[in-house]
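This structure is in structure tokens; I'll ask about it shortly.
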Amino acid sequence: MAQFTFLKPEFPAIYESAHKAFRTAYRDPRTACFYARRALELTVNWLYKYDTSLRLPYQDNLSALIHEPTFKELVGEAVFNKAKYIIRLGNLAVHNERAVPANDAINAVREFFHVAYWLAHTYGRTHKPEAGLQFDPQAIPQEATLPKQTVAQLQKLETELSDRDEKLSILLADKNAIDDELKRLRAELIAVKQANTVQPDTHDYSEAQTRDLFIDLLLKESGWGLDQPRDREFEVTGMPNETGKGFVDYVLWGNDGKPLALVEAKRTKKDARIGQQQAKLYADCLESQFGQRPIVFYTNGYEHHIWDETNYPPRQVQGFYKKSELELLIHRRTTQKPLSTTNINPAIASRHYQARAIRKVSEAFEQNKERKVLIIMATGAGKTRTAIALVDLLMRCNWVKRALFLADRISLVNQAIGVFKKHLPDSAPVNLLTEKDTEGRVYASTYGTMMGLIDDTKNGQKRFGVGHFDLIIIDEAHRSVFQKYRHIFNYFDSHLLGLTATPKDEIDRNTYGLFDLENGVPTDAYQLEDAVKDGYLVPTQAISVPLKFQREGIKYDELSESEKEEWDALEWDEEGNIPDRIEAGALDQWLFNQDTADKVLEHLMTRGLKVAGGDRLGKTIIFAKNQKHAEFIEDRFNANYPHLKGEFARLITNKTPYAQSLIDDFSKKDKAPHIAISVDMLDTGIDIPEVVNLVLFKLVRSKTKFWQMVGRGTRLCPDLFGDGQDKQFFYLFDYCQNLEFFKQNVQTIDAPIPKSLGKQLFTTRLDLIAELDKQSSSLSGVEGTTNKLKDAATPEVDLRQQIADLLHTEVAAMNIENFIVRPKRQLVEKYNNPETWRSLSDNDLTELNQEIAGLPAQTEPEAEEIKRFDILILKLQLAILRSQNTFTSLRDRVKAIANLLEQKSSIPLVQAQLELIQDIQTDEWWQDVTLPMLEAVRKRLRGLVKLIEKQERQPIYTNFEDEMGDETIVELPHFTSPDSFEKFRAKARDFLRSHQDQMVIFKLRNNKQLTATDLSELETILLENSLGNAEDINRAKQESHGLGLFVRSLIGLDREVAKQEFGKFLADKTLNGNQIEFINMIVDYLTEHGAIEAARLYESPFTDFASQGIDSLFTSSQVDELFALLDDVYTKAAA
């Protein structure tokens, strides 16, 4: 017997598709799922056409239609969930070549049966389904009645049917054009619906069963077909119960017939963790039977946990792994190589601190079983190369198959891809900004792009499943990144590597918490002072240059007479007001003073480091306050230096067309521009060693931003000033008191990340509901009467209901298929129930504030101005309820808006509200103003506020004489000025390296035995060339155990000589790769430092390679032989 005959008389088109789904469920499941979705689509379109309570969303695709809040409210949670399920199965059938199991088709037909029952019960006029009618899967025909359809045929059919269907957006666009017959039917159905809904609906919609089916969908989303009997309710033996048997809810099988994973599913009302022990016992049984322990998942449909007992404790995940990902997890149990004994590729990361960082991360991953690590490394010290070397190590050891590099700027992503291609080309780096469909092993993306890609599907499967990446690298990890983009890190079940250049004592404590680390204790740190001391970065000479106007503002009384005349002649505002002073904060914000900019540029051009034999200013970055300020600086430079023809200094900001081409030119040593004027674009993400001057022409208070800006100048640059004349330092000119501020090393707090306007609206409305409930409760005076008061017909109660309805509508429009919303599905479903909003407990308000507010909703976007006006009125209403003194300032803002609207009275929409607009500008209207009055203002004026043009203060240009004070050298916390001995060491190093043709220096470089005469000659060289004094030389002898060793430490040992010395050791031995690599490290160290004491081989960087030092690689006799060679090198320099 057919199951859908009750539809045929009044809904024939829907019946036709439903009946086709019913007939084909067993013999052609793919077609059945297609027609179940088709029947649903016709149902939804019919509802929107005939039920006037539905509001058409801004898109008319099926997903948008069912997520429209009025639709969800109309059909209820049970029917809504069934609709989602049917759509998902239908999409899989049409867009996935994989076979569709009959069970899926039966579920789709069953779920549509419930939808059809609701439709006929609610709108049926002559034929309604019998009470107690239930779906009977046994009635589905077993024999084929139609030929099977292919995916291609169904896709073609889908297109043809869609082209024939009425377009709701066109049909309902013009209400006046709706024909009389449709109007009549609509009016008739209103009455029918009212009469039908009076009758109680006793039908069992099997809501719990529908929720459980979502676990199936999540598994299918990850590519699990669940089309074999063994996939569900798999019987195992060995359970500790009376029968010794158990039935595993789901088993996910490998191609070899062994279990890769099991899923223990509990009812949605139960805590998922209840299933943990049962799942473990099932895993024991499966391991006993198949000889392979499966990965364990346990879930209640809302929350999902993964447990691989061989490696990690249970952790929450947002879905299930794909087959290939589970196979890899199982495979790694036997093929994963130890990280601690595998070589780090020195061609990628050769510096000792890079190797140390990689070893620390490896130790955290391998020994401590940590999944989050944080590396602090100074800008220019090679963070990206360190990360690449780590990825290389993890890939070679089979810890990582795919990695994701995330950054907040396109330039950083492009830069990272370039470095990966250079140093790790076999990883097939993919730039997701430009190669969205390309596959590889290393991907790089901005956070925003990745947010948009996570929900993408390919052949019905998530392209980026939760297990897609084994490692995520966060470039410049800090709190704001986690606040904005934490959904990415929560979605992917991967190891997490954070990189930052911010000094460890200045990182927000919350950042350490996000990596599960103790405050101030990163996984590894190599800070700016360390890099400068070791010679890998250059220090800064920070110079503060005081400008009077920047510090004190401009005072009319202190101007000259002619300047006062200029001041009086300026058009300060439209009312003709003339101020008596301008605060410092206004300078370069809207007031631009020529003399101030000219003095800064003259000082820079005079005092900045020069190149090209001192004839040209070296590469310079000027950090400007804003776009107009940057443009002003460029204009003033061209006015003062016209002979440079507008090429020498160029604007490079996010608003500059072809900015990247300018950056490329700026990066070339001898090509213009030589000055880059930037606004928040060159703070980070560029690597130009030739930069020797940085100019702070703006106020900076963020430590993270400040040190990023300083990092633009720290990179080494050999031969910048000529052959053998390397970059030794860079200038940091500050004209805005930043150096004094950061010199104090004050505790700063990063500015809080502002809530989005949508989130502000949501939380402010919640605050208003809470205040209204509080007042209602206090007015009741009697316990238990609060709800009665809420039900009473008062304006305040009506207002509360309206606000609750708005918030409920927003929650109802949240699509739980969105990866951001999905983890909150249980709460979204809870607050999707209108009854929940009648009375909100403190716990409810906390949940809504912390978990629901800010989640994306499929509602029609509104203009920013409208949202801001809504928030303003809400704050006014709260100020009244709380008796806050902010009321006056908020009221005045509303009056100002009304005044601006009155100026638009020629617009008909404004004219219609003109009486109200004029009233609210009077003090009388505000006397005894009520909350409903303000709500009426909000509703009537919110659509008009976007007509007000945004008013920007017109810039004012002046030429008042500024005063520049004397320079002051400022010592920054992470740049300690070298003492006289360090200066002696640096001068001696430069001189000796450029005079290697002198015999005594030649002997030291080539490991020839020094004599007492040689040592005397060395001392003479140092004194006669004014490199140091007798005190410096005596200190050098004492600290280095002789002048020969001191000089050798500065010039190093010739590499070929070092290799020859150790060639003697290698000659008669067969050494393995690790031993040879260790010898190469010794050669590298001698080349750089000239000598090694034996104890040094038991410290970093040697222990970064071999944790026990030299003893773990060589025999005792080999160690003694190496020590003898090192002692010989040492002795020849010591004389």
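Going through the range 925-956 one residue at a time, which ones are at pLDDT 90 or above and among the acidic types (Asp, Glu)?
Selection gives Glu935 alone.
May I pose another question? Go through the range 534-562 and give me each residue that's under 34 Å from the mean Cα position of the chain (by Cα) and not in a loop (DSSP other than H, G, I, E, B).
Leu537, Thr540, Ala542
Follow-up question, since we're still on this one. All but one of (1) at pLDDT below 95; (2) out of contact with any strand residue (DSSP E or B) (no Cβ under 9 Å at 6 or more places or on another chain) hold for Gly291; which doesn't?
The number of the failed condition is (1).
To keep it simple, each residue is scored yes or no on (1) surrounded by 15 or more Cβ atoms within 10 Å (Cβ to Cβ); (2) closer than 23 Å to Lys1003 by Cα; (3) free of Cβ contacts under 8 Å to residues at least 40 places away in the same chain.
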{"position": "Ser1049", "(1), (2), (3)": "yes, yes, no"}
{"position": "Ala1067", "(1), (2), (3)": "no, no, yes"}
{"position": "Leu1071", "(1), (2), (3)": "yes, no, yes"}
{"position": "Arg1096", "(1), (2), (3)": "yes, no, yes"}
{"position": "Ser1112", "(1), (2), (3)": "no, no, yes"}
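Rundown of residues vs (1) within 30 Å of Arg551 (Cα to Cα); (2) in contact with a helix residue (DSSP H, G or I) (Cβ under 8 Å, 6 or more places away or on another chain); (3) polar (S, T, N, Q), yes/no style:
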site	(1), (2), (3)
Arg940	no, yes, no
Gly943	no, yes, no
Gln954	yes, no, yes
Asp966	yes, no, no
Ala986	no, no, no
Asp997	no, no, no
Ile1001	no, yes, no
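Right, another one. Report whether or not Ser905 is outside the structural domain of Asp568 (by TED's automatic domain parsing) and either among the charged types (D, E, K, R) or closer than 26 Å to Glu574 by Cα (or both).
yes
Could you list all residues from the range 913-923 that are free of Cβ contacts under 8 Å to residues at least 12 places away in the same chain and either in contact with an Asp or Glu (Cβ under 7 Å, 6 or more places away or on another chain) or surrounded by 13 or more Cβ atoms within 10 Å (Cβ to Cβ) (or both)?
Within the range 913-923, Asp919 is the sole residue that qualifies.
If you don't mind, another one. Kindly check whether there is at least one residue in the range 197-206 that is assigned by TED's automatic domain parsing to the domain that holds Val75, aliphatic (A, V, I, L, M) and at pLDDT below 90.
Taking every residue of the range 197-206 in turn, at least one turns out to be assigned by TED's automatic domain parsing to the domain that holds Val75, aliphatic (A, V, I, L, M) and at pLDDT below 90.
Examine the range 916-923 for a residue that is in a loop (DSSP other than H, G, I, E, B), farther than 14 Å from Gln877 by Cα and not polar (S, T, N, Q), and state whether such a residue exists.
yes
Which numbered condition in (1) at pLDDT 90 or above; (2) under 29 Å from Glu810 (Cα atoms) is the only one that Ile920 fails?
(2)
Follow-up. Of Ala99, Ala105, Ala32, which residue is farther than 28 Å from Ile190 by Cα and either surrounded by fewer than 19 Cβ atoms within 10 Å (Cβ to Cβ) or not assigned by TED's automatic domain parsing to the domain that holds Ile190 (or both)?
Result: Ala99 is the single residue among Ala99, Ala105, Ala32 that is farther than 28 Å from Ile190 by Cα and either surrounded by fewer than 19 Cβ atoms within 10 Å (Cβ to Cβ) or not assigned by TED's automatic domain parsing to the domain that holds Ile190 (or both).
Follow-up question, since we're still on this one. What single numbered condition from (1) surrounded by fewer than 16 Cβ atoms within 10 Å (Cβ to Cβ); (2) under 39 Å from the mean Cα position of the chain (by Cα); (3) more than 21 Å from Met709 (Cα to Cα) fails to hold for Leu587?
(1)
Please identify the pairs in which a residue from the range 287-306 that is in the same structural domain as Ala272 (by TED's automatic domain parsing) has its Cβ atom under 6 Å from the Cβ atom of a residue that is among the hydroxyl-bearing types (Ser, Thr, Tyr) and assigned to a strand (DSSP E or B), counting only partners at least 6 apart or on another chain.
Taking only residues 6 or more apart or on different chains, the pairs are His305/Tyr298.
Name the residue, out of Glu634, Glu647, that is farther than 27 Å from Lys703 by Cβ and surrounded by 17 or more Cβ atoms within 10 Å (Cβ to Cβ).
Of Glu634, Glu647, the one residue that is farther than 27 Å from Lys703 by Cβ and surrounded by 17 or more Cβ atoms within 10 Å (Cβ to Cβ) is Glu634.
Also, quick follow-up: Just for helices (runs of 4 or more DSSP H) wholly inside the range 829-908: which have at least 2 residues that are hydrophobic (A, V, I, L, M, F, W, C) and surrounded by fewer than 19 Cβ atoms within 10 Å (Cβ to Cβ)?
Qualifying helices (runs of 4 or more DSSP H): 864-882, 887-902.
Is the range 706-726 home to any residue that is within 32 Å of the chain's Cα centre (by Cα), modelled with pLDDT of 85 or more and of a type in the set (Lys, Arg)?
Among the residues of the range 706-726, at least one is within 32 Å of the chain's Cα centre (by Cα), modelled with pLDDT of 85 or more and of a type in the set (Lys, Arg), which makes the answer yes.
Can you tell me which of (1) at pLDDT below 95; (2) closer than 23 Å to Ile330 by Cα is the one Arg267 doesn't meet?
If we test Arg267 against (1) at pLDDT below 95; (2) closer than 23 Å to Ile330 by Cα, just (2) comes out false.
Something else about it: Could you pull out the residue among Ile753, Ile820, Ile816, Ile749 that is among the hydrophobic types (A, V, I, L, M, F, W, C), part of a loop (DSSP other than H, G, I, E, B) and at pLDDT 90 or above?
Ile820
Oh, and also: Among the candidates Ala93, Ala116, single out the residue that is assigned by TED's automatic domain parsing to the domain that holds Ala36 and at pLDDT 90 or above.
Going through Ala93, Ala116 in turn, the sole match is Ala116.
Mind counting the residues in the range 457-484 that are in contact (Cβ under 8 Å) with a residue 40 or more places away in the chain and either in the same structural domain as Leu92 (by TED's automatic domain parsing) or of a type outside the set (Val, Ile, Thr) (or both)?
18
Restrict the check to the range 796-805 and report whether at least one residue is assigned to a loop (DSSP other than H, G, I, E, B) and either assigned by TED's automatic domain parsing to the domain that holds Glu77 or polar (S, T, N, Q) (or both).
Checked the range 796-805: no residue is assigned to a loop (DSSP other than H, G, I, E, B) and either assigned by TED's automatic domain parsing to the domain that holds Glu77 or polar (S, T, N, Q) (or both).
Would you point out which residue out of Arg1096, Arg1048 is modelled with pLDDT of 85 or more, of a type outside the set (Phe, Trp, Tyr) and within 26 Å of Glu982 (Cα to Cα)?
Arg1048
How many residues does the range 221-236 contain that are buried (at least 20 other Cβ atoms within 10 Å of the Cβ), more than 34 Å from the chain's Cα centre (by Cα) and closer than 12 Å to Arg98 by Cα?
The qualifying residues number 0.
The values are calculated or read from the model by the stated rules, or taken from the named source; none is laboratory data. As the structure is a computational prediction, the values presented were derived from the model and not from experiment. When we count neighbours, we look across all protein chains shown, and the Cβ atoms used for this are built from the backbone with ideal geometry, even at glycine.
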